[in-house]
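Written out below as structure tokens is the structure these notes cover.
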Amino acid sequence: MTGQPGDVPPDEYVEAEIQSMLAEDPSVAEQGITVVRRERGLVLYGEVESQHRREEILRRVTERFPHTPVTSDIGVIRTQAPTQVEELP
Amino acid sequence: MVIRIAAVGDVHLDEDVVGRFRPALEELPDCADVLLLAGDLTRHGTEAEARCVAREFGDLGVPVITVLGNHDHQCDQVPQVVKVLQDAGITVLEGTGTVVECAGGRLGVAGVKGFGGGFAGRCASDFGEPEMKAFVRTTRESADALAAALLSLECDALVALTHYAPVPDTLAGEPPEIYPFLGCYQLGQAIDSAPTALALHGHAHHGTERGTTPGGVRVRNVAHPVIKQAYSIFHLGDQVD
């Protein structure tokens, strides 16, 4: 988790601003990230297509809100070939 | 006889993703007759990102058919994006259809990006401000184009390919408040107006894989974050016997 002791938990407007930033900032452009307010800060959930994008999201959020504790639980989506087929008779 | 369909959407390619899908895609000629892409091929819809898509999804040894998604419109370079994809041999559908000759029969694919609007009883209306009327008319025009494309195809098995969702079933997991931005019932109505065997869409990253239209057509959300693999494979069977 980012942030320092004494930081103020984020309010609803911070949550909304982060959600908009993730979608509209050209360096992020992610609409599939969920921002959840918890008692001690924000948690970011979701999945992206690369490690670089995961790191960039956390960097942009902490840069914009340096005093908001943020936990990133964003994964990188797997790209293995399927092992099963769905039969649709 | 069976027609084998591979499908994925929302791959959001840029330089940082090129090569990630390729090893799985190289297996396609052994396990699928066609690859369908359900839009959002790029992050911002630039020509440069489209070239990344062409590198990753070109020359696969199976026909590749796609619709565009909302991300592919972001930079207003749709004609350039479409040209790059077409030059790579990828068929781009928008209110159009195509027929692929497969070993198991003729597969017809009709595609449209689609649009939001919401679902029966909880949707936007063509009423009020010009902006709202333009929104709903976009929804209806898109669905009408899909219906016309579906009905125009002569084939043994018919598939509808969209980016936006035609039913709410496959949105389960998304906040209900944003359903009107994820799809519309008019796409489902278009799918039910034709003898459609399968409908594939993307867009809803937190959604669910399986659903059906009110008319009983099977719907699959193949957004990459939902299927969590390079692509899904469907075997369409009885319709072509």
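Among the residues making up the stretch B:144-182, those that are in contact with a strand residue (DSSP E or B) (Cβ under 8 Å, 6 or more places away or on another chain) and farther than 21 Å from residue B:10 by Cβ are B:145, B:149, B:150, B:152, B:153, B:154, B:155, B:156, B:157, B:158.
Within the stretch B:212-232, the set of residues being surrounded by fewer than 23 Cβ atoms within 10 Å (Cβ to Cβ), touching a strand residue (DSSP E or B) at 6+ places or on another chain (Cβ under 7 Å) and in a loop (DSSP other than H, G, I, E, B) comprises B:213, B:217.
Evaluated against (1) of a type outside the set (Asp, Glu); (2) in contact with a Leu (Cβ under 9 Å, 6 or more places away or on another chain); (3) under 17 Å from residue B:70 (Cα atoms), residue B:140 falls short on exactly one condition, (2).
Considering the stretch A:24-38, and only residues there that are farther than 13 Å from residue A:60 by Cβ and at the interface with chain B (Cβ under 10 Å from one of its Cβ atoms), the residue that is nearest to the chain's Cα centre (by Cα) turns out to be A:34. Filtering B:59, B:72 for residues that are assigned to a helix (DSSP H, G or I) and either under 22 Å from residue A:50 (Cα atoms) or more than 10 Å from every other protein chain (Cβ to nearest Cβ) (or both) leaves a single hit, B:72.
May I ask you to say which residue of B:53, B:11 is in contact (Cβ under 8 Å) with a residue 12 or more places away in the chain, under 23 Å from residue B:95 (Cα atoms), within 12 Å of another protein chain (Cβ to nearest Cβ) and buried (at least 24 other Cβ atoms within 10 Å of the Cβ)? Just one listed residue meets the conditions, B:11.
Return yes or no: is residue A:49 surrounded by 13 or more Cβ atoms within 10 Å (Cβ to Cβ), more than 7 Å from every other protein chain (Cβ to nearest Cβ) and either over 9 Å from the mean Cα position of the chain (by Cα) or among the β-branched types (Val, Ile, Thr) (or both)? So residue A:49 does not fit the description; no. Against the condition in contact with a Phe, Trp or Tyr (Cβ under 7 Å, 6 or more places away or on another chain), at the interface with chain A (Cβ under 10 Å from one of its Cβ atoms), modelled with pLDDT of 95 or more and part of a loop (DSSP other than H, G, I, E, B), how does residue B:17 come out, does it pass? Taking the combined requirement at face value, the residue does not satisfy it. Note on the stretch A:25-73: residues that are modelled with pLDDT under 95, of a type in the set (Asp, Glu) and part of a loop (DSSP other than H, G, I, E, B) amount to 3.
Checking each residue in the stretch B:38-53 for being part of a helix (DSSP H, G or I) and in contact with a helix residue (DSSP H, G or I) (Cβ under 7 Å, 6 or more places away or on another chain) picks out B:47, B:50, B:51, B:53. For the residues B:38, B:120, B:103, B:48, the requirement of being surrounded by fewer than 22 Cβ atoms within 10 Å (Cβ to Cβ), under 23 Å from residue A:81 (Cβ atoms) and of a type in the set (A, V, I, L, M) singles out B:103. Checked against the criterion of being in a loop (DSSP other than H, G, I, E, B) and either within 14 Å of the chain's Cα centre (by Cα) or at pLDDT 95 or above (or both), the candidates B:111, B:116, B:97 yield just one match: B:116. Determine whether the stretch B:176-195 contains at least one residue that is under 16 Å from the mean Cα position of the chain (by Cα), part of a strand (DSSP E or B) and facing chain A (nearest Cβ under 10 Å). Scanning the stretch B:176-195, I find no residue that is under 16 Å from the mean Cα position of the chain (by Cα), part of a strand (DSSP E or B) and facing chain A (nearest Cβ under 10 Å), so the answer is no.
When the stretch B:196-206 is limited to residues that are buried (at least 24 other Cβ atoms within 10 Å of the Cβ) and touching an Asp or Glu at 6+ places or on another chain (Cβ under 6 Å), the one that is nearest to the other protein chains (Cβ to nearest Cβ) turns out to be B:204. In the stretch B:82-103, the residues that are in contact (Cβ under 8 Å) with a residue 40 or more places away in the chain form Cβ pairs under 9 Å with partners that are basic (Lys, Arg) and assigned to a strand (DSSP E or B), at six or more places apart or across chains, as follows: B:99/B:106; B:100/B:106; B:102/B:4; B:103/B:4.
Screening residue B:112 with (1) crowded, with 20+ Cβ neighbours inside 10 Å; (2) over 22 Å from residue B:68 (Cβ atoms) gives one miss only, at (2). For residue B:135, are the conditions met, namely being surrounded by fewer than 24 Cβ atoms within 10 Å (Cβ to Cβ), over 18 Å from residue B:93 (Cα atoms), away from chain A (no Cβ under 14 Å) and touching a Lys or Arg at 6+ places or on another chain (Cβ under 8 Å)? The answer is no for residue B:135.
The values are calculated or read from the model by the stated rules, or taken from the named source; none is laboratory data. Nothing here was measured: the structure is a model prediction, and the numbers come from that model. Quick reminder, even Gly has a Cβ in these numbers, built from the backbone with ideal geometry, and neighbours come from all protein chains shown.
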